[in-house]
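The values are calculated or read from the model by the stated rules, or taken from the named source; none is laboratory data. Quick caveat, the model's predicted, so the values are computed rather than measured. Cβ atoms come from the backbone with ideal geometry, glycine included; neighbour counts cover every protein chain shown. The area values use the complete protein model at the heavy-atom level, side chains included, leaving out ligands, DNA and RNA. Shrake-Rupley method; radii C 1.70, N 1.55, O 1.52, S 1.80 Å.
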Amino acid sequence: MSRNKTGGNAAMPSLSYLINLANKAGSIILENFFKNGTTEWKNDGTPVTETDKKINDLVLESFSKDFSKISVCAEEESVDVLRSNVKVICDPLDGTSAFLSGVPVSTFCLAIIFFDVPFRAVIYDPFLSRMWCAEKNKGTFLNGERISVSTHATLKKSMVCVVYWNNAPYKLDLVSNEIIRRGAIWSSPGSIAYFGALVASGKFHATIFPGSKPLETAAMQLIVEEAGGKATDVFGKPLRYDKGNISGHIISNGRIHDELIEIVALYQPKVGL
């Protein structure tokens, strides 16, 4: 659902503002983690909880009050400010299925997009109090300490997170099989943003995502790129956020990026893409 407003040149929220917002969202996640709240199911078959909605409301209310000329694209509800040069892209609770299952890998992630370029971003893991944040051309930090991606340069023994689901736009189950065959250690997440943050920390080496919504991708892109990594769509083209949708993503330490693009391209013709 989306609401429309008219704006203009917008002030830019500081990184400390985003961190404060992420901490508030994290408190809501922790407060509700052990509660049996109401769960609804969307048309695409994914769950949405009271926690998703409460954090989404927090984001909308915060930006409406403090930065009313900024558009907000969030998973449960958005606000489109016409002619705004700044946009928020946010997943209030990335990893809802894990959250429902009692698996503590959900995150809050948010990026500020300035003229189609990720400019500031946060990914917050409230369970271990880990705050990843980045600012364009200023590096990536985890709880105040600068971090960088791994220098591991081969797919063999690399840690790669691949997400796919039935009827996803790109056929990544075959891609998963291939990277395992080449010696990678495969994982599928409860939260794609969580594993993107781990790429920035040098713990994982890549994530591949087939979806068209950039709710997690924008924050992941900046946080990984500022840590020395690379982000493209699944075809190796630059990620763009001005059209609303993306062609999935490959986000990596950069060293294994080209090989992952090659593998994804190898299998797409087999499913008619």
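Observations on the model:
- The convex hull around the C-alpha trace of region 144-259, projected and averaged over every direction, spans 6.9 square nanometres.
- Of the solvent-accessible surface of region 143-216, computed with a 1.4 Å probe and all protein chains present, 49% belongs to carbon and sulfur.
- Mean residue ellipticity (222 nm) of the chain, computed from DSSP H runs ≥ 4 via -39,500 (n - 2.57), nearest 500: -9000 deg cm²/dmol
- Estimated FRET transfer efficiency when R0 is 30 angstrom, pair Met12-Asn43 (beta carbons, to 0.05): 0.30
- Peptide ranges 37-45, 252-260, 62-70, 217-225 listed from the most packed, as the mean C-beta count within 10 angstrom indicates: 217-225, 252-260, 62-70, 37-45
- Rounded to the nearest 20 debye, the dipole size of region 177-273 about its Cα centre is 160 debye, using +1 on the Cβ of Lys and Arg and -1 on the Cβ of Asp and Glu.
- Residue by residue, region 123-130 carries 3J(HN,Hα) couplings of 10, 10, 9, x, 6, 10, 6, 10 Hz when phi is fed to the Karplus relation 6.51 cos²θ - 1.76 cosθ + 1.60 (θ = phi - 60°); x denotes Gly or Pro.
- Rg over Rh for region 1-147 works out to 0.97, both radii taken from alpha-carbon positions and Rh defined as the Kirkwood radius.
- Largest-first ellipsoid semi-axes for the chain, taking √(5λ) over the Cα gyration tensor eigenvalues, angstrom: 28, 20, 19
- Within the chain: Cβ-based charge dipole about Cα centre, in debye rounded to nearest 20 (Lys, Arg +1; Asp, Glu -1): 480
- Percent antiparallel among DSSP beta bridges (both partners in region 87-187, rounded to 5): 90
- The label-point distance for Leu30 and Leu82, in a model that sets each label 7 Å from Cα toward Cβ, rounds to 4.3 nm.
- Near Pro210: Cβ cut-off under 12 Å, other residues only, Lys/Arg at +1 and Asp/Glu at -1. The net charge is 0.
- Antiparallel DSSP beta bridges within region 133-233, percent to nearest 5: 40
- Antiparallel beta bridges, as assigned by DSSP with both residues in the chain, represent about 70 percent of the total such bridges.
- Distance between modelled label sites at Lys243 and Ala265, nm, 7 Å Cα→Cβ extension: 1.8
- Annotation: peptides 71-80, 135-144, ranked by per-residue average of other Cβ atoms within 10 Å with the highest first, follow the order 71-80, 135-144.
- A simple spin-label model places the labels of Arg182 and Ser101 2.7 nm from each other, with each point 7 Å out along Cα-to-Cβ.
- In the context of the full set of protein chains, residues of the chain present 45 Å² of accessible surface per residue (probe radius 1.4 Å, heavy atoms only).
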